[in-house]
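Chemist: Here it is, the structure in full.
The values are calculated or read from the model by the stated rules, or taken from the named source; none is laboratory data. Everything quoted here is computed from the prediction, not taken from an experiment. Note that we place each Cβ from the backbone using ideal geometry, even for glycine, and neighbour counts take in every protein chain shown. Heavy atoms of the whole protein, side chains included, go into the accessibility calculation; ligands, DNA and RNA do not. Shrake-Rupley method; radii C 1.70, N 1.55, O 1.52, S 1.80 Å.
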Amino acid sequence: MNKPAPRTFHVKSFGCQMNVYDGARMTELLESEGLSAAAGADEADLVVLNTCHIREKAAEKVYSDIGRLRREDGTTPMIAVAGCVAQAEGAEIPRRAPSVDIVVGPQAYHRLPDLVRAARTGKAVDTDMPAESKFEALPARRRQGPTAFLTVQEGCDKFCTYCVVPYTRGAEVSRPWAAVVDEAKALIDAGAREITLLGQNVNAWEGEDEAGRTQGLGGLIRALDKLPGLERIRYTTSHPNDMRDDLIIAHKEVASLMPFLHLPVQAGSDRILKAMNRSHSVDSYLRVIDRVREARPDIAVSGDFIVGFPGETEEDFAATLALIARVEHAQAFSFKYSPRPGTPAAVMDDQIAAAVMDERLQRLQGLLNEQQHAFNRATLGKTLKVLIERNGKRPGQRIGKSPWLQSVIVEDGPDIGTLVEVEIVSSGPNSLVGALTRVSAAA
Ligand code: SAH
Ligand code: SF4
Ligand code: F3S
């Protein structure tokens, strides 16, 4: 029996910002096919779970989420598993969870409409990494909030020994200059005032400008800076080895490039960095940080850390704490090492006991939280420019971001999408409270 064609859909994204971006593009694609967005998963004829495979918990969550889609009358919507779990597990997913109808990888989701048609009569699995670019096949960007993501680079050739991304996202590819500039213009026309350029190694982006000159991310940022209506540019995630001079200097010269750098280092011991195949040392990372701070002294530094990588001794871990103390982070993400199937680190000797990882993570996060709190406290009494992004909980309350990516709560209801000046009146570990000084006029 054929299943009916879905008329409504719901996309739920997990994992990194690139999945958020992909989720937005799948939404636009399904809308362009005549489907309409449902209020939530419970009301949708088609539910897309856009998944993350980075750690075991994230990957396993998919299966409980699939279970939860079953409705009281025993029926399930059409279910599509997209994203990195789809790529990693492929046809294994409907074998383990028979209510799944579609499996579609991160490089094949432009084919979603065909897969939805095929799923009416059977399982539809597409985990190709096709030569053609999905971006060319997707509909144009539409309605936008004040902040938008724009994927400019995908994939990874670095093969850190713990990481699944090179397998789930494929090889490093940069989108062409013109495609990026055109999409940025479309986002601005649709209401974006801030664009965050995305890539697994976004600072490895490379392309040719209109004149045929080779450009890196710094050159691309300079071009985007000239687009009327764009107030703020950010980029994430970067690799220490791809932090080239043109990008570092852009932090000094390009006013719309926000003073924030997410530059994961993972660990502070050269022995562990080597076992991770990070291809940088503590020293080379610190030199990059010093150069960036020389160019832009007020830059906020963020990072990712893994505790309990196989073989990590107490001494190695102490070196990570020492590195954190030296760098001083505005914020950071930290994780317990999670062995991932098919990665070299998963079969290394000396896997670290869970209790040891827990204890190390706690100490590490204690230090990072202190640093984040101190960073926030330093803004007390200062006047900051805040881009208003959304409503807060109370009437008239709005929430926006400072240049350093701090969440700022503002009363007195400035319009969403405006850049306002606020004086910081209180600071907490995770957000600031600001009072309006004056709405920046045209800007
Ligand atoms: N390309 C980016 C980040 C990709 S994944 C980079 O290299 O920085 C985001 C973060 O997840 C990583 O920086 C790392 O800290 C963490 N991560 C990746 N694999 C992991 C694993 N197997 N266990 C625990 N954390 C992991
Ligand atoms: Fe994963 Fe390393 Fe590539 Fe980042 S650089 S995506 S951590 S393999
Ligand atoms: Fe997760 Fe894939 Fe992003 S594994 S972190 S969704 S690239």
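Chemist: Give me a comma-separated list of calculated 3J(HN,Hα) values for the range 149-159, in order, Karplus coefficients 6.51, -1.76, 1.60 applied at θ = phi - 60°, integers in Hz, x for any Gly or Pro.
Modeler: Each residue of the range 149-159 in turn: 9, 9, 6, 10, 8, 9, x, 8, 9, 8, 6 Hz.
Chemist: Using heavy-atom solvent-accessible surface (probe 1.4 Å) with all chains present, what is the largest-first order of 304, 189?
Modeler: Details: 304 30, 189 135 Å².
From most exposed to least exposed: 189, 304.
Chemist: Using the crude model of +1 on Lys and Arg Cβ and -1 on Asp and Glu Cβ, and no other charge, please compute the dipole size for the range 1-101 relative to its Cα centre, in debye to 20.
Modeler: Working: 12 positive and 15 negative charges, 52 e Å.
The calculated dipole for the range 1-101 is roughly 260 debye.
Chemist: Using the Cα centre as the reference, give the magnitude of the dipole from point charges on the C-beta atoms of the chain (Lys, Arg: +1; Asp, Glu: -1; all else neutral), rounded to the nearest 20 debye. Walk me through the intermediate numbers first.
Modeler: Numbers: 53 positive and 59 negative charges, 151 e Å.
It works out to roughly 720 debye.
Chemist: With every protein chain left in place and a probe of 1.4 Å, what is the accessible surface of residue 291, to the nearest 10 Å²?
Modeler: Approximately 90 Å² for this residue.
Chemist: About the Cα centre of the range 135-377, what is the dipole size in debye to 20, counting +1 per Lys and Arg Cβ and -1 per Asp and Glu Cβ, all else neutral? Walk me through the intermediate numbers first.
Modeler: On the way: 28 positive and 34 negative charges, 114 e Å.
With only Lys, Arg, Asp and Glu charged at Cβ, the dipole is about 540 debye.
Chemist: Over the chain, what is the percentage of antiparallel beta bridges among all DSSP beta bridges, to the nearest 5? Could you put the intermediate results ahead of the total?
Modeler: Numbers: 25 of 69 bridges.
Around 35 percent of the beta bridges assigned by DSSP in the chain are antiparallel ones.
Chemist: Right, next: In whole percent, what relative contact order does the chain give with Cα contacts below 8 Å and a gap of six or more residues? Could you put the intermediate results ahead of the total?
Modeler: On the way: 921 pairs, mean separation 41.7, N = 443.
RCO, the chain: 9 percent.
Chemist: As a quick test, which of the pairs 158/185; 57/393; 12/185; 226/385; 252/274; 61/134 have an alpha carbon distance above 23 angstrom in this structure?
Modeler: On the way: 158/185 31 Å; 57/393 30 Å; 12/185 26 Å; 226/385 20 Å; 252/274 32 Å; 61/134 27 Å.
From the list (158/185; 57/393; 12/185; 226/385; 252/274; 61/134), the Cα-Cα distance tops 23 Å for 158/185; 57/393; 12/185; 252/274; 61/134.
Chemist: Can you give the FRET efficiency for residue 182 and residue 117, using 1/(1 + (r/R0)^6), R0 = 30 Å, r = Cβ-Cβ distance, to the nearest 0.05? It would help to have the intermediate numbers written out before the result.
Modeler: Working: r = 29 Å, r/R0 = 0.98.
For R0 = 30 Å, the calculated efficiency reads 0.55.
Chemist: What is the packing order of peptides 121-127, 211-217, taking the mean over residues of other C-beta atoms within 10 Å and listing the highest first?
Modeler: Details: 121-127: 16.7, 211-217: 13.6.
In descending order of packing, they fall as 121-127, 211-217.
Chemist: Sum -39500 (n - 2.57) across every DSSP H segment of at least 4 residues in the chain, then divide by the residue count to get the 222 nm mean residue ellipticity, nearest 500.
Modeler: Values: 14 runs with 145 residues, N = 443.
My calculation for the chain gives -9500 deg cm²/dmol from helical runs alone.
Chemist: Students often forget the sequence filter, so: which lysines lie under 17 Å Cα-Cα from residue 382 once same-chain residues fewer than 8 apart are removed?
Modeler: Leaving aside lysines fewer than 8 places away in the same chain, those within reach of residue 382 are 401.
Chemist: Still on this structure: Hey, in the chain, which Cys have no second cysteine's beta-carbon closer than 4.7 Å?
Modeler: Those would be 16, 52, 84, 156, since no other cysteine Cβ in the chain comes under 4.7 Å of theirs.
Chemist: Continuing with the same structure: In whole angstrom, how far apart do the alpha carbon centroids of the range 23-82 and the range 343-366 sit?
Modeler: 32
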